[in-house]
Amino acid sequence: MIFKPFFNKFRTVRVTDEHHYVSEDLLNHKLASPGRRGLAMFADFFVCILITIPWLLMVLLISISLQSPKTLPAIWEYRNLVNAEKEGLKTVSKEKKDKMFYEISMDIARIVARWQPRVLPRDLRKAIEEKNMPEFVKCMKKYETDIALGSGIGSDDASYFDFETNTIHLRLDAFLGSATFFLSSLSLLLFYFTLTLWKFKGHTVGKMLARIRVVRIDGKRLTLWDCFGRAGGYSASLSTLGLGFLEAIWHPNRQTVHDRIAGTVVIEKIKTIKKTKK
């Protein structure tokens, strides 16, 4: 095969006796205690909570912009028009404002109808499909709309229609569809733990506060792929009912499941780790 030499260059084809290499510079270095690691994790999750709303808002706006490029500029124009009228700088007729409002609403409703048609009442769905603006306006006056970001995870954050109050409750899944799970709070955690660990050379905000650092066990520099693998490995630690995190208590090198996935170890802070060749 033409590609066989190429693939064999990057991987072995038989079982070997290769052992796990530990950098000499790391041997006997003090490991981070489970308490410090727990403190760092708590601080990092607190930071993630603080940036969750801006993150989800950004995801929502990008999604709307990609699916309906004219909608966000129209919303901005409508906002400026209303503000100018409040400040007495411009007089706008009610008909013009209503026309702009319902055109924006129709654009947003089309996105919702694409991803979550079940949350829209049948008559509203029909008006959207037929592009019947008078009927759409009539339906919009009949139903209330509640839009909330939520976390994007779990059934509690799914869009639904409340028959008792005639209210359409829209969540992220109404704008992102099946991609909601991957672009919601989970993507924020993956993004945060990957980039901060890589950018700050083994530190996150929490690890800086706890004065601990993640390093590769072979002493080489952390790559972006290492950080991505370690961040993704949190799901493996969670999938064992959290025991993957608790392994830091009894493992000889206090490695958790995600540490072993990425080939890392957490130590008390030192200035640098020299590159060591095997």
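What follows draws every value from the coordinates through simple rules; no lab data is involved. Computed from a prediction, not measured in an experiment: that's the story for all the values here. Methodologically, a virtual Cβ is constructed for each residue, glycine included, from the backbone with ideal geometry; neighbour enumeration extends over all protein chains shown.
Round to the nearest 10 and give me the degree value, 0 to 90, for the angle of helix 133-142's Cα axis relative to the longest principal axis of the chain. In the chain, helix 133-142 runs at an angle near 80 degrees to the longest axis. The computed Cα extents along the principal axes in Å for the structure shown corresponds, within (i) 107, 63, 24; (ii) 76, 55, 37; (iii) 66, 46, 45, to (ii).
The calculated FRET efficiency for Phe101 paired with Phe191, based on their beta-carbon distance and R0 = 51 Å, is about 0.90.
What pairs from Lys86/Lys131; Lys90/Lys131; Lys70/Lys97; Lys70/Lys199; Lys86/Lys126 go past 28 Å between their alpha carbons? Violating the 28 Å limit, Cα to Cα: Lys86/Lys131; Lys90/Lys131; Lys70/Lys199; Lys86/Lys126.
Were the residues from Glu130 through Ile147 laid out at 0.36 nm apart, the gain over their Cα-Cα distance would be 3.7 nm. Principal axis extents of the C-alpha atoms in region 60-178 (largest first, rounded to whole Å): 46, 29, 25. Ala43 sits among other residues whose Cβ lies under 13 Å from its own Cβ, and their net charge, with Lys and Arg +1 and Asp and Glu -1, is +3. Summing Lys and Arg as +1 and Asp and Glu as -1 over all other residues whose Cβ lies under 14 Å from the Cβ of Trp250 gives a net charge of +1. Fully extending the segment from Tyr160 to Ile53 would add 36.4 nm, taking 0.36 nm per residue of separation and subtracting the current Cα-Cα distance. For the Cα atoms of the chain, what angle does the longest principal axis make with the long axis of helix 34-67, in degrees from 0 to 90, nearest 10? Roughly 40 degrees, rounded to the nearest 10.
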